[in-house]
1. So which residues in region 92-146 are farther than 18 Å from Pro169 by Cβ, assigned to a strand (DSSP E or B) and among the aliphatic types (A, V, I, L, M)?
2. Out of curiosity, is Leu121 without any contact (Cβ under 8 Å) to a residue 60 or more places away in the chain and out of contact with any helix residue (DSSP H, G or I) (no Cβ under 6 Å at 6 or more places or on another chain)?
3. Return the total of residues in region 175-195 being surrounded by fewer than 18 Cβ atoms within 10 Å (Cβ to Cβ), under 26 Å from Trp100 (Cβ atoms) and without any contact (Cβ under 8 Å) to a residue 60 or more places away in the chain.
4. Being crowded, with 18+ Cβ neighbours inside 10 Å and β-branched (Val, Ile, Thr) is the filter here; which residues of region 101-127 pass it?
5. Within region 124-174, take every residue that is without any contact (Cβ under 8 Å) to a residue 12 or more places away in the chain and in contact with a helix residue (DSSP H, G or I) (Cβ under 7 Å, 6 or more places away or on another chain) and give me the one that is farthest from Phe113 (Cα to Cα).
6. Which residues, taken from region 47-105, are basic (Lys, Arg) and closer than 19 Å to Met116 by Cα?
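Read-outs: derived from the displayed coordinates by stated rules, not from any lab. Remember, predicted model here, so these are calculated numbers, not experimental data. Cβ atoms come from the backbone with ideal geometry, glycine included; neighbour counts cover every protein chain shown.
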Amino acid sequence: MKKFIPVLLLALFPVLAHAQKYEITRDDITLHPEATSADISVFSISLGMTREKVESLLTEQKSKLYYYIDGMHTTKDHRIYVYDRDAGGQKKNCILYLIWDNNSSTLSRITFFADMRPYLLGGTQKLLTTEAVDPASDLSRKYLGKAARSEVTLDIPSIGLKHITYFYPDKGLQVTDKYSSDGRSVVFAFNTGKK
């Protein structure tokens, strides 16, 4: 019996480890400042997953999510757009963008768009607001901390388009402040590595 318990715990470790992840649609991740992007999933999807696994999870949730593979770009990345559905089951808002950099086998980036906000809880919703780019905000002071760096990641003055991205490599998080002729918005992304 004594040998059985350690063997059972070893067998259950992958299940227990997965259960420790925070699901961003059920957990306010801002209450867990120690959590990194590696600890967080969205609709059960997390960084490091294969395309096949992600597509399987999206297919299992097809009553509430719609997705399509973006083949219309000029990079080597594999990309999937994820939309929610309206009450009639029709494609509604783009809420996520999933990227496998350089056609890699594992998911390397999850971008959260403004229409994802209703699926987030508490302070996590603020990651999609200007509070996420205000160093004096409660969100910055209590959850984000100071950005390791910021960078203008897109600048097209002729059409009034500019993106400034703030990098939090210890969290595996990036927050982008987007300015356009239509106004201002904020998106955030989980990514792998120390970018």
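1. Ile95, Leu96, Leu98, listed by residue number.
2. Values: without any contact (Cβ under 8 Å) to a residue 60 or more places away in the chain: no; out of contact with any helix residue (DSSP H, G or I) (no Cβ under 6 Å at 6 or more places or on another chain): yes.
Judged against the criteria, Leu121 is not a match.
3. Summing the residues that are surrounded by fewer than 18 Cβ atoms within 10 Å (Cβ to Cβ), under 26 Å from Trp100 (Cβ atoms) and without any contact (Cβ under 8 Å) to a residue 60 or more places away in the chain in region 175-195 gives 2.
4. Ile110, Thr111, Thr124
5. Once the filter is applied, the top-ranked residue is Ser137.
6. Result: Lys62, Lys64, Arg79, Arg85, Lys91, Lys92.
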